[in-house]
Each structure stands twice: as structure tokens, then as C-alpha cells.
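These notes concern the structure reproduced below.
The values are calculated or read from the model by the stated rules, or taken from the named source; none is laboratory data. Note that the coordinates shown come from a computational prediction; the quantities given were computed from them, not determined experimentally. Neighbour counts are summed over all protein chains in view; Cβ atoms, including those assigned to glycine, are modelled from backbone coordinates with ideal geometry. These area figures cover heavy atoms from the full protein model, side chains too; ligands, DNA and RNA do not enter into them. Shrake-Rupley method; radii C 1.70, N 1.55, O 1.52, S 1.80 Å.
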Amino acid sequence: MEKNSVVSALLNYVKGEQRELDLLIRRLQLTECKDKYAADVLLQMKDSVSLLNPDCFSVVVQELLKVSWFNRSAEVVKLYHSFIVNLVSAHSTYTEAVLTSMVALFMPKKGVTAAVEGTSQEQTDEDRQKSYEAAMIHVHNAIASVLKAVPSAGHMLSSIIHDKFPYIFHKDASVVEMYIQNILYVTKYCPPIRSQILSLVIVKMINLDTRASRELIEEANETDSEDEELFDLEADATPKEHVDESRNKLTEADRLDTIMCVMFNYIDSVCRNPDSSLNWEATKKLYLELLSLFEKKILPTDECCHTQYLLFYICSLKPSLADGFMDYLWKKVKNPNEDKIYRIYAISYLASFVVRASYVSVRSAADAITLFCEWIHRYISTASHNSMHNDIAHHGTFYSVVQAVFYILAFRQKEFLEMGKANAFFLSLNLQTIVTCRLNPLRVCQPVITRTFASFVRKHQLAFCDAIIERNNRLTVPIAEEVSGPPHLESYFPFDPYLLIRSSVKVADLYRVFDGTAIIDIELNKEQDEDDFVQEDNSMVVDDDFGKSPAEAAFLGSISPGFNAPIHSLR
């Protein structure tokens, strides 16, 4: 290519002679374009950016930004990199167009298997993935250089990332996955916009999460299992097509599963040093950002099933994080200026966290219950005598805290009994005063939790609830058919078993599964109360497999759909 031919074409373009420059750019855009030609053009363009006045050359620049450069030789990549940096330095007006073209590369049109043009058809998907990742490093380096040249462009980049986010149900799931991976990578060299990017991803996750309830996930998986059994019966001799057991049957759940894997890996990449040790400063900053997003996005969302496990996971990295999360939730619960529904959600999260997080020690759980009971006793003593009646609308926070106490004691009873000075701990709670107060929490709390708690405290003579439960049951008998009984608290426990298949490996070892101890005790007491002539019901015998017997389902299944099965990887 002749020297100064690009400059000549640019000058002629200004005069209205566009053909020369158009041919030059079209040739540059061709996949078959030789690297030598591309390097010559880019070298001259780099040195001529002062001529690219936005008033005359905005269309030309748009075409230059469409050039496939990131998968070419190192020389071409370097020259293109220099060209766009010089361009935005000379004409900041082009910054938005440059960043938009770069962000568009985060989601290849043909997916990961054909992400990089010019790769050999003989390459495996894994090889193409590696080629794509290597090419994306060039793109991120270019974006970082643009941000360095135009420091104020961070907010602009955040807006572009938000606007360019692909449809969450894109026909090629890998497009969404790679886009999220890339925008999370942006946070490594542009920390000021990390909160906005995390917020964007979490909002998309919540959108999927609320569409993939535990009932729908389990129903989809059960339906698929039934279809497979039917297929086996109808075609015994026909080889069955391989079924990918790592995929969730519900589309929304499978998309969410993919994003959860990406987010868990991102947390690891931020919080872990190369030697796998914990980077405490980085972990603390990420935790605080996630906690802020939890308060703004996750906590106010009803029936969110899995997104909150991001906090569950990061809190497992250090005990002080778990303590901080519990302290944050408790402060929200006891704050009278907080909206009542958020106080109830907060105690639901706190109780579920204490019960399910295996890294929350029994001493921490005991300290939490002590705080709860102290607050409950103060509430009982200060509540107006005239307001001492079963009114969930007025006393919803109180009943939720009491139910949290019942739930934690019933779920972790074995650990509490085995810890040092257990008797002194239980006596300090003064449980009898709670169950006999005029607010009658035994009538409002979830019946299954009430029964399990009553069985536990009766067995160990910590409190006596049976007479109150019997009286409450008698009070509900005359109620008309359209009303099945007194209003009960909603059974929302956010850290119910994790049902997403692939990402469950990150949570499995951190999760506590109910051992069914209290269930056995309930069934034994039921058998003692049966008449002698009643035939023994074998269906009430507790099976060895968790979550399969009617006895366990009585406690686990009726609280929430997730209770009747442990975390997926532990099934």
C-alpha cells in the first residue's frame, strides 16, 4: 500500500470524492483481508486521526469500528488499539461510539462455538472458547485504555452495558452467559462502576428467580422423570437418547443456574489470591456492595428463591462476615422506624440463615436466640393491655420473631442440647412466659413449627404447650367452612434447599440439612395417643431416606416446597 494513500483518501472524501475511502474501508472489513494490508491502513489512520472531524467523518468512523480486529495478528491488534486511543484523545465525541462497539463484542452473534471469525472448523468447542477468551482480553485492554484516555467515560460505559444487555431468554444461552462474564471482568479495571454492574446482573437474576419458584422447578423435574419412566415402559428394547442430568428442566431455572455459576466464580476470583488465600480487603468491599444490593433489590422481593445465596456464599468465607450479616438483619428487625414488611422479611432471612448455614456455630445460634427472646420479653411487657390479642397486622413482627425462635430451636435442637451449660441457656430464655402470654403466639405461628417446637420442649420439660394448643384447636372448630382457621404467618424461609443443579456444588458443603430428630419424637407421641384397636399405620414410620416419608414431610414439606428434599447434590 502506498504511503499517505489513507491521508489522500480522507482529503478527497472532504472534497466529495468518497469512492476511494469507501473501497479502502470495505476491503478492511472483509474477513479475507490480509493482516499486512490491515496493518498499513491502521498505521496511517492512527497518524491521521486529527483529520477525522466528527462533522465530516462520523459515518466513516462508525464503519471503521465495525472492523474485525481482535482476532487478527498481534501487530494489527496493537495498531487498532492505538488508533482508537488516539481517536478518543483527539475527538472525545467519538468515545460513546467506540465504547458501544467494544461492548457489542461481549455477545458474539453466533455464540461461543463460532465466536471468533476465521477459526478452523476442525477446532473443538473448548478450543474456540479459549480463542474467544484470548480475543476478549484484547477488547478489555482497549476499553481500559479508552477509560484511561477519557477518565469521565466510566458512567457512559455503565449506561452502554445496561442498554446492550441481551434478552435474558436469548435463544443461545451462551450469549447471555458470556456477556455477564465480560461485564463482570470490566469491574476489575473499572471499579467505580462495579456496583452498577452487579446491580444490573442481580436484577436480571431476580427476574428469572421469581419466575422459577421451587414448586415449578420440582414439578418440571418430576414431570420429566415420569416421562422418562413412561418412555422406558413403551420402548424397552429401544436405546434411549442420552439425557443431560446437569441441566435443569425448567428454562428459567437453567438460565438462573448458569448465572449463579458465573457469580459464584466471580466472588472467588475477587476474594481469593492466586494461592487461594483470602484477600480480606477485597472480600470486605465486595461483601458491602452485595449487602447494599441485598437491601435494595433482594430483600424487598417476595418469594425470591436462589439469588440470596450470593450472600450465603460470601458469608462463608470468614466468620466475621456471617456475624455481620446476622447483625445487619437483626438491627433491621428491631428498628421500629423500618417498614413492617421488611422487618418480617429480615427475621425470616435471619432465622433461615442461622438454621441452614453450616458455618454458623451453635454458640452464634444460641446468642441469636438469646437476643430474640430478650426482645420478645420486652415487647410483651411494654405492649398495651388493650392490644394483647391475636392481630397479625398489628403484632406481625412479634409473631415472626417468636416463630424464628421456635424454628431455630426445633431445627438445631440436638446441637443446643449437646453444648456446654445447655440447661442454663434454656432456662434463661424463659420460654414458658412466651408461650403463655396473652398474644398467644402458638395460635399464630405456622402449625407445623408449633407442633415440632411443642414436642421438643415437652420432651425436655422446657415449657408446656399442649394445653394451649388444645385450647386453640377447640377455638377453631366452630368457624365457618369458608375460613379454615385463624390466620397464620406466611411460611417464607429464604434459604430453603437449593434446587439448581450445576451451581449447587458451591453451596452443598455449606448447607445444613434437617436430620428429622423432632419428627421421630412427634410420631412416637402420636402412636402413644392412639387407641389400642387402631391398626398400626406403617406409612408413618420414618424412612432412612431424607424427605421421602410422610412423617418428615409433615415438618419439612408444609413449611415450604423446598423442605421436602435436601440440597440437590445431597439427594
- Heavy atoms only, probe 1.4 angstrom, no DNA, RNA or ligands counted: give me His91, His306 ranked by accessible area, highest first. His91, His306
- Query: So what's the stretch 271-402 giving for Cα Rg divided by 2.2 N^0.38 Å, two decimals?
  - Reply: 1.18
- By how many nm would the segment from Lys285 to Leu23 grow when fully extended, if each residue of separation counts as 0.36 nm and the alpha-carbon distance is taken off? 89.2 nm
- Task: Over 20 Å between C-alpha atoms is what I'm after, so list which of Lys164/Lys506; Lys66/Lys164; Lys34/Lys66 land there.
- Result: Lys164/Lys506
- Taking the Cα-to-Cβ direction at Asp323 and at Thr382 and moving 7 Å from each Cα, how far apart do the two end points lie in nm? 2.6
- Message: Going Cα to Cα from Lys459, which lysines come in below 19 Å? Please leave out same-chain ones fewer than 8 positions away.
- Response: Lys414, Lys421, Lys526
- Item | Residue-count net charge about Ile341 - beta-carbon cut-off 14 Å; Lys, Arg +1, Asp, Glu -1 | -3
- Asn273-Ala467 FRET efficiency (beta carbon distance; Förster radius 56 Å; 0.05 resolution): 0.40
- Message: I need the calculated FRET efficiency for the pair Thr210 and Asp339, taking r as the beta carbon distance and R₀ as 25 Å, to the nearest 0.05.
- Response: 0.80
- Query: Between Leu475 and Asp515, what FRET efficiency follows from the Cβ-Cβ distance if R0 is 51 Å, with the result rounded to 0.05?
  - Reply: 0.90
- Cα-only Debye scattering, the stretch 245-330: base-10 log of I(q)/I(0) at q = 0.10, 0.18 Å⁻¹: -0.28, -0.85
- Query: Ser50 to Asn265: extension gain in nm, 0.36 nm per residue of separation minus the Cα-Cα distance?
  - Reply: 73.1 nm
- Cα centroid separation, the stretch 15-81 to the stretch 139-155 (Å): 20
- Query: Expressed as a whole percentage, what fraction of the accessible surface of the stretch 290-350 belongs to carbon and sulfur atoms when a 1.4 Å probe is rolled over the protein heavy atoms?
  - Reply: 48
- Task: Heavy atoms only, probe 1.4 angstrom, no DNA, RNA or ligands counted: give me Met419, Met102, Met107 ranked by accessible area, highest first.
- Result: Met107, Met419, Met102
- Note on the structure: Any lysines whose Cα falls less than 20 Å from that of Lys148, other than same-chain ones fewer than 8 residues away, would be Lys46, Lys78, Lys188
